[in-house]
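Encoded as structure tokens, the structure appears first; notes follow it.
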Ligand code: MN
Ligand code: MN
């Protein structure tokens, strides 16, 4: 078990830490997501991988929960500290419950479990990337060396997990676009629609890149002809219709 030591408790930072305790990309969500995916997994090697990392995430929950508890501790006694999070101070007595940094309760809705191993592994790679970036932001908002040390440890492990999930996915030997069993419709699958268009403040510049150039057919948006006209004409039309609607709702009152 990693030893967690902190200097001066910082209740407001303790509240931020709760994002990794009971939040969408937090340690409980990771532990549950990988463990339940593991229960569903029929590939013995990857099942073991999911169970290993799922269990490790539970140990991270313990670390981040311990860290948060230490920072929230002054809430037990001090009114100013209690103001950092009235719910924790009043209902929780300064202890952690499964909430995120905004006091929203943890929910199983955070979990991405599809029953398709390759799809699940992709979700996990993305989940590790999100957890990594949240830890990085916590580190950047923290001055306490002991807290930083624990967060650096937790952040590093997410990259380790990300790598393991990537290798597990790559070695399944599937083309990255092979998702599920039913093949996509030919031609439609290689068509790119230029659906967001317009000029200046009235739209997005139409830019080209490998995503809409290489091996794809570039098609202008079917709604574009309706919206044609100079930028001024389009702006005038929008203003008129907004004013018309405002007059209508005013007359109804
Ligand atoms: Mn973790
Ligand atoms: Mn992880």
>> At 0.36 nm per residue, and after removing the present C-alpha to C-alpha distance, how many nm does the segment from residue 178 to residue 77 gain when stretched out fully?
In response: 30.6 nm
> Full extension from residue 108 to residue 251: what is 0.36 nm times the residue separation minus their Cα-Cα distance, to one decimal in nm?
Replying inline: 46.8 nm
> Can you give the extra length, in nm with one decimal, that the chain gains between residue 189 and residue 118 once fully stretched, where that is 0.36 nm per residue apart less the Cα-Cα distance?
Replying inline: 23.5 nm
> Okay, helix-only estimate at 222 nm for the chain: each DSSP H run of n ≥ 4 adds -39500 (n - 2.57), divide by all residues, round to 500 deg cm²/dmol; what do you get?
Replying inline: -17500 deg cm²/dmol
> Hey, what did the stretch 52-173 get for relative contact order, percent, Cα under 8 Å, at least 6 apart?
Replying inline: 20
> If R0 is 51 Å, what FRET efficiency do you get for residue 243 and residue 48 from their C-beta distance, rounded to 0.05?
Replying inline: 0.20
> Using a Gaussian network for the chain with springs between C-alpha atoms less than 10 Å apart, which of these wobbles most: 77, 132, 47?
Replying inline: 77
> Hey, could you pull the Cα Rg and Dmax for the stretch 157-201, both in Å?
Replying inline: 17.8, 46
>> Counting pairwise Cα distances across the chain, what percent come out greater than 28 angstrom?
In response: 56
> Which whole-number percentage describes the relative contact order of the chain, with Cα contacts under 8 Å and a sequence gap of 6 or more?
Replying inline: 18
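Each value in this text was obtained by applying a stated rule to the coordinates, not by laboratory testing. Treat the numbers as computed from the prediction; the structure is a model and nothing was measured. All Cβ positions, glycine included, derive from the backbone under ideal geometry; neighbour counts span all protein chains shown.
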